[in-house]
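The values are calculated or read from the model by the stated rules, or taken from the named source; none is laboratory data. Please read all numbers here as calculations on a predicted model, not as lab measurements. Using ideal geometry, Cβ is built from the backbone for each residue, glycine included, and neighbour counts are taken over all protein chains shown. Quick note on the areas: whole protein, heavy atoms, side chains included, nothing else; ligands and nucleic acids left out. Shrake-Rupley method; radii C 1.70, N 1.55, O 1.52, S 1.80 Å.
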Amino acid sequence: MRFAPPPGPLRTLALATLTNTVGTGLWLAGGALYLTRDVGLAPTSVGAGLTVAGLVGLTASVPLGGLADRWDPRTLRAALQVGQALAAAAYLLVDSLATFLVVAVPEALLAAGNLAVRAALVAAVGGPTGRVHAFATLRAVANLGISAGTALAGFALAVDTHRAYQVLVVGNAATYLLSAALLMRLPPQAPGGAPRRAAGGARRGGPLRDGWFLAVSGASAVLGTHVTVLVLVVPLWTVGRAGAPPPVVSAVLLINTILTVLLAVRLSRGADTAAPAARKLRRAGLVLAAACPLYAVTAGLPVFPAVALLLVATAVWTVGDLWHGAAGAGLAYDLAPPGAIGAYQGADGLLAGLAQALGRGLLTLLVLGGGGAGWLVLGGLFAVVGLAAPALARRAVASRPVPEPTGTGQPVAPG
């Protein structure tokens, strides 16, 4: 199995992604400890500050995604990453809750906007028939990068000194700069992933007034809360309800990482257009639903069978996770007008971000408060949303505006 893309733009983009996500892993593993143990902020202040910054940051998704429809997304993303490097380095100056917010809010705005621009850049590099494949490839690469960054952060956390935490912060900032330099090795990309003349058929008012697109994207966002379940709810359930020792949490997350690297590209096949992508989204919802009772049963088992079932449930969960990722990308790309790829990816990211923000509290309360019944309710929600996806996608396709006529006077056939 070849993990690296063949030489060309996708390989360059993969190297930039790998570099950037090593920094992501550094910050995910050590950022909270730096802010609490080294800076001295209260954990509740850090959590509240990150929540506020994250919600404010979502407002940048659609505007910056829209810029990628008018400017070269390669250059725009590189510029955003330079800005993120400055914001990441500015955490060295944080010494109070006020300065933390002054740094965290701009950093969140840049991060949210960068996700939309990245989606537009992936569309430009992959083209209409290769963008979902490119998305899946970069997801596998990102998992490798985050894992490497998390492992490297372990050295700083083990030393647990002021200088070690400073090195961690600087290392995160440096990965943004290196990633931006790699991005500039790409050839210039057409704005929006398509020539300007193909922009016909865009809905007036943009993606936030495209009701059926928002319905499909909203369904994908609900299923996308599986990320919160895996990284927040499952670890708490594993230790608190299943009675497994804490190291099992690492094993659970490692299973997810390994399967993502091995299967992300393979399970993304056949999601390039709306109809098959919607069917894959339905399949994802049903698989995620099937994993929920497996997690629920672990609360009543002895430790060793519980651990084995936790790993099996996570493997099933990861298959649903990967099908959802490919299907969600395929739908967001194919339902967007050719000249508004970036803006529509921004709207899709906005809904996904809102679902994640709301899901952290709601899903924790549902599953940890409701126990096995909570898992069953969650599984039912995933199944219903997944089953509704094909019908929503059909309505979204049918509601697309008629494309502008070509120079020959004949209408352009819908994609």
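Could you point to the residue in Ile255, Leu281, Val234 farthest towards the positive end of the stretch 220-288's charge dipole, with +1 and -1 charges on the Cβ of Lys/Arg and Asp/Glu respectively? Selected residue: Leu281. Given a 1.4 Å probe and the protein chains as shown, Tyr34 ends up with an accessible area of around 10 Å². Ranking Asp69, Asp348 by solvent-accessible area of protein heavy atoms (1.4 Å probe, all protein chains present), from largest to smallest, gives Asp348, Asp69. Separation of the stretch 2-58 from the stretch 273-336 is 24 Å, based on Cα centroids. Magnitude of the charge dipole for the chain, about its Cα centre and with charges confined to Cβ atoms of Lys, Arg (+1) and Asp, Glu (-1), is about 1000 debye.
Projecting the Cα atoms of Ala156, Ala190, Val94 onto the charge dipole of the stretch 37-190 (Cβ charges, centred on the Cα centre) puts Ala190 farthest toward the positive pole. Once both labels are positioned 7 Å from their Cα atoms along Cα-to-Cβ, the gap between Ala32 and Leu286 label points is 3.6 nm. The relative contact order of the chain comes to 25 percent, based on Cα pairs under 8 Å that sit 6 or more residues apart. Note on Leu362 and Ala98: the extension gain reaches 92.3 nm, defined as 0.36 nm multiplied by sequence separation minus the Cα-Cα distance. Classification of the stretch 15-95 by its C-alpha gyration tensor yields a prolate form. The axis ratio a/c (a ≥ b ≥ c) is 1.5 or more, and a/b outweighs b/c. For the options Leu93, Leu311, Leu392, a Gaussian network treatment of the chain with springs between C-alpha atoms closer than 10 Å singles out Leu93 as fluctuating the most.
Calculated from DSSP H runs of 4 or more alone, at -39500 (n - 2.57) each and per residue, what is the 222 nm mean residue ellipticity of the chain, nearest 500? Taking each H run of at least 4 residues, the total per residue is -25000 deg cm²/dmol. Annotation: amide H of Arg241 has no partner in the under-5 Å range at sequence separation 5 or more or interchain, hydrogens built in the peptide plane. Here the label points at Thr44 and Arg11, each 7 Å from Cα along the C-beta direction, are separated by 5.4 nm in the simple model.
A simple spin-label model places pseudo-atoms 7 Å from Cα toward Cβ; at Val82 and Ala299 they are separated by 5.3 nm.
Across the stretch 96-138, the residues whose backbone nitrogen lies under 20 Å from the label position 7 Å along the beta-carbon direction of Ala190 are 117-135. How would the stretch 1-157 be classified by its alpha-carbon gyration tensor: rounded, prolate or oblate, with rounded meaning a/c under 1.5 and the a/b versus b/c comparison settling the rest? Since a/c reaches 1.5 but b/c is at least a/b, the shape of the stretch 1-157 is classed as oblate. Highest-first packing order for the peptide set 20-27, 38-45, 163-170 is 20-27, 163-170, 38-45, based on the mean count of other beta carbon atoms within 10 Å.
For the options Gly379, Gly325, Gly285, a Gaussian network treatment of the chain with springs between C-alpha atoms closer than 10 Å singles out Gly379 as fluctuating the most. Which shape class, rounded, prolate or oblate, goes with the chain when its Cα gyration tensor gives a ≥ b ≥ c as root eigenvalues, a/c under 1.5 marks rounded, and past that a/b bigger than b/c marks prolate? Note, shape of the chain comes out oblate. Result for the chain in a Gaussian network model with C-alpha springs under 10 Å: among Ile146, Ile255, Ile341, the largest mean-square fluctuation is at Ile255.
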